[in-house]
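Chemist: Attaching a single structure in C-alpha cells format; questions to follow.
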Amino acid sequence: MTRKLFGTDGVRGTANTFPMTAEMALMIGAAAGRYFRRDQGGVHRVVIGKDTRLSGYMFENALTAGLTSTGMNVLLLGPVPTPAVGLLTPSMRADLGIMISASHNPASDNGIKFFGPDGFKLSDEAEAEIEALVEEGVSPARAGNIGRAKRIDDGRFRYQERVKSTFPQGMRLDGMKVVVDCANGAAYRTAPEVLWELGAEVIPVGTSPDGLNINLDCGSTKPRTAAEAVVAHGADVGICLDGDADRVILIDETGTVADGDQIMALMAARWAEEDRLRGGTLVATVMSNLGLERFLNGRGLRLERAKVGDRYVVEAMRAGGWNLGGEQSGHIVMTDYATTGDGLMAGLQFLGEMVRSGAPASVLARSFEPVPQMLKNVRFAAGQKPLETSGVQGAIAEAEAALSGRGRLLIRKSGTEPLIRVMAECEDEALLTRIVDGIVAEVRAAV
C-alpha cells in the first residue's frame, strides 16, 4: 500500500494540519493499540514521552484517548529525550513506546515516533499495518476493558542514571568547562544535570522552553549560538542537541563545528583500537562524507551505508551484528547502550576521550579532511513529482556522467518534509557547484 501517514521516522507534519491533527492522533493511537493488543489477555502498556512543543499537550491527550479506548494502559513520562522512550519501553515491560516530537523541525511541527517492546523503532512493515488499521477503523474495547492512564514522575531520572552508566567508571569531568545547548527541547534539564553530576562546569544554552522556541536559533541545526558561548566563556567544548536530544553536533574550543561524521570517525577508530567495534564496521547513511569512508578504509575498517534515517541505520546494524552507526546530521547509535540515536550519550563518549587522551576538542573533532560536499533543498507542493520530469532526469544523468570516478551524487525526497534534497561531493569545487546548481534549477522549474 502507498504510505500516506508514515515517513522515514514516524508521522510528522504541521500541527493542526493533516496528518498531525488531534483527530488523526486519536485514530493512530487506537490503531496502534489494536495492533499491539492482538492477544486480548494480560496487561498491555504503552509509554509516551514528548518534547517541549506547545502542541505536545494536544497530541498526548489524543493518543491517550485512542490507546485507552482499545484497552491499553498508558504511562505518561512527560518531557524526556527520545532515547529515554527507547530505554523505558522494555524496562517497564511495555508493548509499545511513543515519542511525540518533530525532532529538529520548528515548533509549529510535531510528530509521532513508535518503538516496539524491544525498544527499537518499528519496521516499515509494522507501520504499514498500523496505517492500514487507521484506514479501516478499529472497534473499541468494551466499557469494562478500557485502559487507564498514569503519570510516571521518575522516568527522566531513570534515563539519566542509564546515561551516566555509559561513561567510564571512575572517570570525572572535573576542571572541564562545557557549553551544552539543549535547543529548548526535551533535554533542557537532563543534559545539564548529567554533565554537572559528572563534575563538569556547565554553561547552559537553550534551557528555557516556552512551547514555541524549540530549535529556534539554537540546537544542533543552529550551532552558532553555542559556538559563540564556547568562545565567550573560554569553554573546552560545546555539545549541541536537537529538540528531542537524539542527535548531537560538537563544537571545539575555537568555536569550530564538528558534525556526526567526525564524531563517528573518532569513535570507530577508538573502539577498533579497544577491539570493541564489532566486525570492524561502522554503519552510516548515503549522506555521510566520502572522507569518512576513506578514513575508515585507511585503518582497515569498513563503512556500511544505509538509507537516510537513523531507523534504517539501526536496522542495518542489527542485521549485520554491528554496534556503532549514525548519520552526518548527528544521530549516533551505540547499540551496546541504547536502541536509537542518543545525543547526550555520544557527547559523553567524546568527553571521555578528551579526558583519556588529554587532547583538546579541536584535535579529536577533526579525524579526517572532508571531501567538499554541497547540499541544497527545494521545497515542492503536495502532488508534485519533480523528480519524474524529463528536464530533471536529464540534468541528473548529465551530472552523474561528469562525476563518474570523481565524486558522488545523491538526489532524494526528504522523509520528514516536502523537500527534494540535492547533494554532491567532489574535490573540484567549481564542478561541484555547477552540478548542484544545475539540478536545483531544473527541480525548481518543475515545481
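Chemist: Using the structure shown, decide if G78 is surrounded by fewer than 22 Cβ atoms within 10 Å (Cβ to Cβ), among the small types (G, A, S), over 17 Å from the mean Cα position of the chain (by Cα) and part of a strand (DSSP E or B).
Modeler: Details: surrounded by fewer than 22 Cβ atoms within 10 Å (Cβ to Cβ): yes; among the small types (G, A, S): yes; over 17 Å from the mean Cα position of the chain (by Cα): yes; part of a strand (DSSP E or B): yes.
Against the criterion (surrounded by fewer than 22 Cβ atoms within 10 Å (Cβ to Cβ), among the small types (G, A, S), over 17 Å from the mean Cα position of the chain (by Cα) and part of a strand (DSSP E or B)), G78 qualifies.
Chemist: What's the total number of residues in the stretch 300-314 that are at pLDDT 95 or above and either among the β-branched types (V, I, T) or not in a strand (DSSP E or B) (or both)?
Modeler: The first filter runs over the stretch 300-314 and keeps only residues at pLDDT 95 or above, leaving 300-306, 313-314.
After this cut, where a residue has to be either among the β-branched types (V, I, T) or not in a strand (DSSP E or B) (or both) as well, the list is 300-301, 313-314.
Number satisfying all stated conditions: 4.
Chemist: For Y159, indicate whether it is touching a Pro at 6+ places or on another chain (Cβ under 8 Å), outside any loop (DSSP other than H, G, I, E, B) and either at pLDDT 95 or above or of a type outside the set (D, E) (or both).
Modeler: On the way: touching a Pro at 6+ places or on another chain (Cβ under 8 Å): yes; outside any loop (DSSP other than H, G, I, E, B): yes; either at pLDDT 95 or above or of a type outside the set (D, E) (or both): yes.
The answer is yes for Y159.
Chemist: Condition test on V230, is it of a type outside the set (D, E, K, R), touching a helix residue (DSSP H, G or I) at 6+ places or on another chain (Cβ under 6 Å) and buried (at least 20 other Cβ atoms within 10 Å of the Cβ)?
Modeler: Values: of a type outside the set (D, E, K, R): yes; touching a helix residue (DSSP H, G or I) at 6+ places or on another chain (Cβ under 6 Å): no; buried (at least 20 other Cβ atoms within 10 Å of the Cβ): yes.
No, not satisfied.
Chemist: Same structure, new question: Enumerate the pairs (first residue in the stretch 25-46 and part of a strand (DSSP E or B); second residue anywhere and basic (K, R) and at pLDDT 90 or above) with beta-carbon separation below 8 Å, excluding pairs fewer than 6 apart on the same chain, so at least 6 apart or on different chains.
Modeler: That search, which allows pairs on different chains as well, returns R45/R93.
Chemist: Please state which of the following conditions N61 fails to meet, knowing it meets all the rest: (1) modelled with pLDDT under 95; (2) open to solvent by 60 Å² or more (accessible area, probe 1.4 Å); (3) more than 30 Å from E353 (Cα to Cα).
Modeler: (1)
Chemist: How many residues are of a type in the set (K, R) and over 20 Å from R247 (Cβ atoms) when one looks only at the stretch 165-216?
Modeler: The first filter runs over the stretch 165-216 and keeps only residues of a type in the set (K, R), leaving 172, 177, 189.
Now narrow it down to the ones that are over 20 Å from R247 (Cβ atoms): 172, 177.
The number of residues fulfilling the criteria is 2.
Chemist: Could I ask something else about it? Could you tell me how many of the residues in the stretch 273-291 are open to solvent by 40 Å² or more (accessible area, probe 1.4 Å) and without any contact (Cβ under 8 Å) to a residue 40 or more places away in the chain?
Modeler: Looking only at that region, the number is 3.
Chemist: Okay, next question. Yes or no: the stretch 174-196 includes at least one residue that is over 16 Å from G341 (Cβ atoms), in a strand (DSSP E or B) and open to solvent by 40 Å² or more (accessible area, probe 1.4 Å).
Modeler: Yes, because at least one residue in the stretch 174-196 is over 16 Å from G341 (Cβ atoms), in a strand (DSSP E or B) and open to solvent by 40 Å² or more (accessible area, probe 1.4 Å).
Chemist: In addition: Note down all Cβ pairs under 7 Å where the first residue falls in the stretch 367-396 and is in contact (Cβ under 8 Å) with a residue 12 or more places away in the chain, the second is among the hydroxyl-bearing types (S, T, Y), and they're at least six residues apart or on different chains.
Modeler: M374/T433
Chemist: Also, I was wondering about something else. Just give me the residues in the stretch 332-367 being in contact with a strand residue (DSSP E or B) (Cβ under 8 Å, 6 or more places away or on another chain), more than 17 Å from A269 (Cα to Cα) and open to solvent by less than 20 Å² (accessible area, probe 1.4 Å), in sequence order.
Modeler: Answer for the stretch 332-367, where residues must be in contact with a strand residue (DSSP E or B) (Cβ under 8 Å, 6 or more places away or on another chain), more than 17 Å from A269 (Cα to Cα) and open to solvent by less than 20 Å² (accessible area, probe 1.4 Å): T340, G341, D342, G343, L344, M345.
Chemist: Would you check which residues across the stretch 98-115 are open to solvent by 10 Å² or more (accessible area, probe 1.4 Å) and outside any loop (DSSP other than H, G, I, E, B) and list them?
Modeler: Of everything in the stretch 98-115, just one residue is open to solvent by 10 Å² or more (accessible area, probe 1.4 Å) and outside any loop (DSSP other than H, G, I, E, B), namely D109.
Chemist: Hey, T416 hits all of (1) modelled with pLDDT of 95 or more; (2) buried (at least 19 other Cβ atoms within 10 Å of the Cβ); (3) within 30 Å of P19 (Cβ to Cβ) but one; which does it fall short on?
Modeler: So T416 meets the others, but not (1).
Chemist: Would you mind finding the one in D153, D124, D118 that is touching a Phe, Trp or Tyr at 6+ places or on another chain (Cβ under 9 Å), surrounded by fewer than 15 Cβ atoms within 10 Å (Cβ to Cβ) and more than 17 Å from G66 (Cβ to Cβ)?
Modeler: Numbers: D153 fails: touching a Phe, Trp or Tyr at 6+ places or on another chain (Cβ under 9 Å); D118 fails: touching a Phe, Trp or Tyr at 6+ places or on another chain (Cβ under 9 Å).
The conditions single out D124.
The values are calculated or read from the model by the stated rules, or taken from the named source; none is laboratory data. Here the structure is a predicted model, which means the values were calculated and not measured. Neighbour counts are summed over all protein chains in view; Cβ atoms, including those assigned to glycine, are modelled from backbone coordinates with ideal geometry. Note: accessible area is taken over every heavy atom of the protein model, side chains too, but ligands, DNA and RNA are not part of it. Shrake-Rupley method; radii C 1.70, N 1.55, O 1.52, S 1.80 Å.
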